[in-house]
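Report on one structure; see the data block that follows.
The values are calculated or read from the model by the stated rules, or taken from the named source; none is laboratory data. Everything numeric in this text was worked out from a predicted model, so none of it was measured. Quick reminder, even Gly has a Cβ in these numbers, built from the backbone with ideal geometry, and neighbours come from all protein chains shown. Surface areas here come from the heavy atoms of the whole protein model, side chains and all, with no ligands, DNA or RNA. Shrake-Rupley method; radii C 1.70, N 1.55, O 1.52, S 1.80 Å.
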Amino acid sequence: MNKITSPREFFGVEPGADRTIIRWDKICDYFELLQKESPCIQVTDMGPSTEGNKFLKVIITSEKNMKNLEKYRKISMSLADPRGLTQAQIDAMVKTGKTVSVQSMSLHASEIGGTQMAPVLAHSLLCADTAEKKNILENVIFVMVPCFNPDGQLMVCDWYNSTLGTPDEGSGLPWLYHKYTGHDNNRDAFAQNIIESRYMGQILFHEWMPQSYQDHHHMGSYGARMFIAPYCEPVRPYTDPLIWRELSLYGANMAYKCEEENVTGISNGTQYPGWGHYGYHWITNSHNIAGMLTESASARLATPLYIHPTQLQGNNDMTMPAYEQHGYFPHPWEGGWWKLSDIVLQQYTAAMALLDTMAKNREQILKNMAQKALRQTKRGAEDAEKAFIIPAEQHDTGTMYKLIKILLDQNIEVKVAVSAVTAGGKMYPAGSYIVPLDQPKYGVIKNLLDITIHPDNPFTRTPDGAHTAFDAAADTVAEYMGVVCEAANGEVKGRMKKVTEVPKFDIAIEKATGYVISAKENDGYKAANLLMKAGYKVYRIDVCPWKDFYVEGDAEKLGEILKGFKFRMVDKRFDKLTEIKPLKVAMYQRYFGGNADEGWARLVLENFAFDYTTVFDKDIIGGALDNFDVLILPSDGKEMLVGPMNCKNSPNVQRLLSYMGTPPADYQSGLGAEGGQKIAQFVNNGGKLLAINKSCDYAIETLKLAVQNIVAGLPLGKFNTHGSTLKVNIDNQDTVAYGMPKQGLVFHWDGPVFKITERANAQKYKYVVTYQDKNVLQSGLLNGEDLVKNNGAVVKAEVGKGTAILYGVSPLNRAQTHGTFKLIFNEFYQH
């Protein structure tokens, strides 16, 4: 056997050593060396990350298995969808196949342990110096993503090294540890808006369909030392029950191995619910893949942290109310120094134990993979809804196509009607899309497309009795996107064919007087932006109820820009046209770890070809707003906007600083009183302020608006939506809402609800979007419906010569809520 270079030999230090974070580029070099030294490892760079770094997929298995890798990949995919196979064929695959485990590390870049552990795990497996490791190589194909967020790893590593030996050592990165998403990157599994999410989706759903997936994370420092599967209550609906049993199997073996190795402070079945956000370690359960996460207690990055025994605490919930021994937490850690090396050991032990369990139970796990798929298919066939139908006639056809892409990216089977089809006594035209429920992805489909009401039970209530959710209360992506999706409620009859590629517009351009681009389409705004950047004059058609866009020019040249967009040719110029011009847009960005809502907003604007400039508080205070027409305040709490260091007595700020430490003076952002005065001056002098969700309270106070947030300060038991879709009425003749339908859904996350209080000059205020008068909730949860009914969701106010628009909703949330993008887009044009 060839010598395998150890991590210590290569890096000159043991991964996990105090005050050392090994940089991602060096780790890549190490994996490439391992590939040269061993036939049991395959290293693939899947392509550049968001900022151009390597994104590695590492496969480790025996040399014999490696030579037959494609064979085992096909078996794994076939067992995940065994429709059409005989029992004898399934049994043969179970007999010859290998279990497949995908594990990923350090998705959240400040949670550094996973990526530091990955070289240790790889080296240990390749050395195969025990019978257990040899058995793993023989029976398991291990697919590892040693760093799920390469860009963030480099940021955090470089930041940490810059603070070593200073009072700021171990403090948190001042900005987002991903260009757009920060901590929200693990909320991107179903939409796959960033490239890293798409790579993982390719591995999980299109290449391997593994039997297990585990994502290695960190959590707070003062509770259990590590959480491992299974999850606590509540569990997400429509998941095959075998999944929950598998999580118990894997979790028990990981906990058992940790205890055997005297790795103490391990909890399972606590803290993290089975119904969490729909990130990869949770959405995989709906795919019949046992999806898990580990959560290690954090040090101060690579700097040791001393914890007094009296500082250790429970979760303040019914799963672990106090830091004391119980059945799911039998061996509490006693306190003392907590180090990165402890985290590396924990995660290594858990990762190896998962692989060991899969090796020792190979045939049972493979058999049950097929069984889950067949049971879910049967469950879908017996579901009264039978299928979901996405009618061809939509308000925004291009966004419907993007929904189809989301479904295909999940490897969900989608069909398109070749001619009219019928279901439940209703006819749907050709071009409608059908998502049958009798398929293994039944659970994913139901969670993404069906109306979802978050459960209200003891497991979903806070200690003071309020109903809430761990993350978004519903992940109903069709509702987010404003795409009509209907339950078939009966067999779908008619000619259909399987969809194999994402649909798109393919309109042949012809010579004409002018060209009309639909403003009902989100992508119509992108087309308008590209046209203006190319030097064309673009107009709104005043007589059009949607205020469509209009352009004139050479057909051949215009065709190059309009390829893939929805447009039509006209032979006569419209009588009433208003030219639009792009406004100069500034977006506020802060430090203190950054603001994911701001990052997502940047991504949306870039995706639709809107230009913007990032401004910080020092820019605003220095008069930079004189150069802009629009200022966006992404959703943020008042303390974060004013500046945490200006609000040190706030409990929210105290929690923040205790978690991330006090940042260096250069990164202590905050608008303060002077910044607020500059914003008020900007608006009064003719500027436009767009305040999103939680930033509205700051805008109301700063601009002295006669608008009340009637839910401000209310406890969760009185008012709470926590990521739900609510029904609204929309004034689509107002410039804010051009191109919108008259009724629709908005995504609401505990944001403000508005009542205009001005009387003397009430004409200066306008409700653009209001909540409906009854049955406001579509999906999710809603405590306090009476507070919402008929009140304002989006309000527009005249302020001096300028305008303020208050968005009590989340119109760009995680770049997923396409149905409300236009509420923002319209305000980037001079009308």
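For the reader, a short list of remarks on this structure follows.
- Between F459 and A381, the FRET efficiency from the beta-carbon distance, with R0 = 25 Å, is close to 0.25.
- The Q42 and N775 beta-carbon pair, evaluated with R₀ = 56 Å, returns a calculated FRET efficiency of approximately 0.55.
- Between K71 and E51, the simple spin-label model (points 7 angstrom out along Cα→Cβ) gives 4.4 nm.
- Amide hydrogen proximity for G670: with H placed 1.01 Å from N in the peptide plane, the residues at 5 or more positions away or on another chain lying under 5 Å are D617.
- For region 402-462, the relative contact order comes to 24 percent (Cα pairs under 8 Å, sequence separation of at least 6).
- Peptide ranges 771-777, 505-511 listed from the most packed, as the mean C-beta count within 10 angstrom indicates: 771-777, 505-511
- Whether region 281-352 is rounded, prolate or oblate, judged on the alpha carbon gyration tensor where a/c under 1.5 counts as rounded: oblate
- Extension gain, D666 back to N646 (0.36 nm per residue minus Cα-Cα distance, nm): 5.7 nm
- Ordering S197, Q589, V416 by the projection of their Cα atoms onto the charge dipole of the chain, which places +1 on the Cβ of Lys and Arg and -1 on the Cβ of Asp and Glu, puts V416 at the extreme positive end.
- 1.4 Å probe accessible area per residue over the chain, in Å²: 38 Å²
- Heavy-atom accessible surface of region 81-129: percent carbon and sulfur, 1.4 Å: 57 percent
- Sites N627 and H831 - FRET efficiency at Förster radius 22 Å, r taken between beta-carbons, to 0.05: 0.60
- Using C-alpha pairs below 8 Å separated by at least 6 residues, the relative contact order for the chain is 11 percent.
- Under 5 Å between amide hydrogens, built in the peptide plane, is the criterion, and for R300 it picks out L305 among residues at least 5 positions away or on other chains.
- Distance violations [Cα-Cα > 25 Å] among K572/K766; K694/K718; K533/K822: K572/K766
- Working ranking of peptides 398-407, 459-468 by packing, defined as the average number of other Cβ atoms within 10 Å per residue, highest first, is 398-407, 459-468.
- Packing-based order for 569-580, 118-129, 535-546, using average beta carbon neighbours within 10 Å, highest first: 118-129, 535-546, 569-580
- Under 5 Å, built H, 5+ apart or other chain: amide partners of V538: I580
- Taking K257, K133 and ordering them by how much accessible surface each has at a 1.4 Å probe, largest first, produces K257, K133.
- In the structure shown, the pairs K134/K367; K648/K688; K98/K179; K415/K511 are assessed against 28 Å; a Cα-Cα span above that value is assigned to K648/K688; K98/K179; K415/K511.
- Under 20 Å from the T578 label point (7 Å along Cα→beta-carbon), backbone N, region 625-640: 629-631
- Contact order, relative form, for region 411-545: 27 percent (alpha carbon pairs under 8 Å, 6 or more residues apart, mean separation divided by residue count).
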